[in-house]
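Okay, here's the structure, questions in a sec.
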Amino acid sequence: MKDCIFCKIVAGEIPSAKVYEDEEMIVFKDIEPKANIHLLCVPKDHFALLTEMDEGRAALVARMLRTIAAKHAEWGLADGYRLVVNQGENAGQTVHHLHVHVLGGQTLPWD
Ligand code: AMP
Ligand code: ZN
C-alpha cells in the first residue's frame, strides 16, 4: 500500500535489519528497541488490524507465530520471549500494517 512504511520495507524501498524472510513474511529489528532484543514480524500482505483477519489471513498469522517459534533460538531468544500486537489507538498502534512485536533478551517487566 502506498505511504505504508512496512510495505516499503517489504518492497526493499526502505532498508531494514532483516533477520528472516520468506514468501509471506519478513522479520526485522525494531528501529527503537523496547527490549535488548526487539523484532517485528510483518506479513507481506497489507492489512492493519486483527479485526481485518479473514480465514486466509488467520492462517497466515498462525504461520507467523509458528515461524517465530521455530526460529526464536537463532534470534537469541532461547530463554523466552514476549509477543505483542498493538491493535488500534488505545494500544498506541502507530504503524497501520499488522505486525507482531517479539521482545526478549532480558527479563521483561510485566507492570
Ligand atoms: P506499533 O506501535 O505497534 O504500531 O509499533 C510500530 C513499531 O515500528 C515501533 O516499535 C517503531 O519503533 C517501529 N518502526 C517504525 N519505523 C520503523 C523502521 N523504519 N524500521 C524498523 N522499525 C520501525
Ligand atoms: Zn503496509
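The values are calculated or read from the model by the stated rules, or taken from the named source; none is laboratory data. Everything numeric here is computed off the predicted structure, so don't read it as measured data. Glycine gets a Cβ as well: all are built from the backbone with ideal geometry, and neighbour counts include every protein chain shown.
Restricting the first residue to the range 42-69 and requiring it to be within 13 Å of Val27 (Cβ to Cβ), which pairs with a second residue that is assigned to a loop (DSSP other than H, G, I, E, B) meet a Cβ separation below 7 Å and a spacing of at least six or different chains?
Close Cβ pairs satisfying both conditions: Val42/His97; Val42/His99; Pro43/Glu24; Pro43/Leu98; Lys44/Glu24; Arg63/Glu24.
Sticking with this one: Somewhere in the range 20-40, is a residue within 9 Å of ligand 2 (Cβ to nearest atom) and modelled with pLDDT of 95 or more?
Among the residues of the range 20-40, not one is within 9 Å of ligand 2 (Cβ to nearest atom) and modelled with pLDDT of 95 or more, which makes the answer no.
Would you call Leu60 more than 16 Å from His38 (Cα to Cα) and either under 15 Å from the mean Cα position of the chain (by Cα) or of a type in the set (Asp, Glu) (or both)?
Judged against the criteria, Leu60 is a match.
In this structure, does His96 turn out to be within 13 Å of ligand 2 (Cβ to nearest atom) and either acidic (Asp, Glu) or touching a residue at least 12 places away in the same chain (Cβ under 8 Å) (or both)?
Spelling it out, His96 is indeed within 13 Å of ligand 2 (Cβ to nearest atom) and either acidic (Asp, Glu) or touching a residue at least 12 places away in the same chain (Cβ under 8 Å) (or both).
Exactly one of these conditions fails for Trp75: (1) out of contact with any Asp or Glu (no Cβ under 9 Å at 6 or more places or on another chain); (2) among the aromatic types (Phe, Trp, Tyr); (3) within 16 Å of ligand 2 (Cβ to nearest atom). Give me its number.
(3)
State all residues of the range 74-111 that are under 26 Å from Ile5 (Cα atoms) and among the aromatic types (Phe, Trp, Tyr); if no residue qualifies, say none.
Those that are under 26 Å from Ile5 (Cα atoms) and among the aromatic types (Phe, Trp, Tyr): Trp75, Tyr81.
All but one of (1) under 20 Å from Gln93 (Cα atoms); (2) of a type in the set (A, V, I, L, M); (3) over 13 Å from the mean Cα position of the chain (by Cα) hold for Leu39, so report the exception by its number.
(3)
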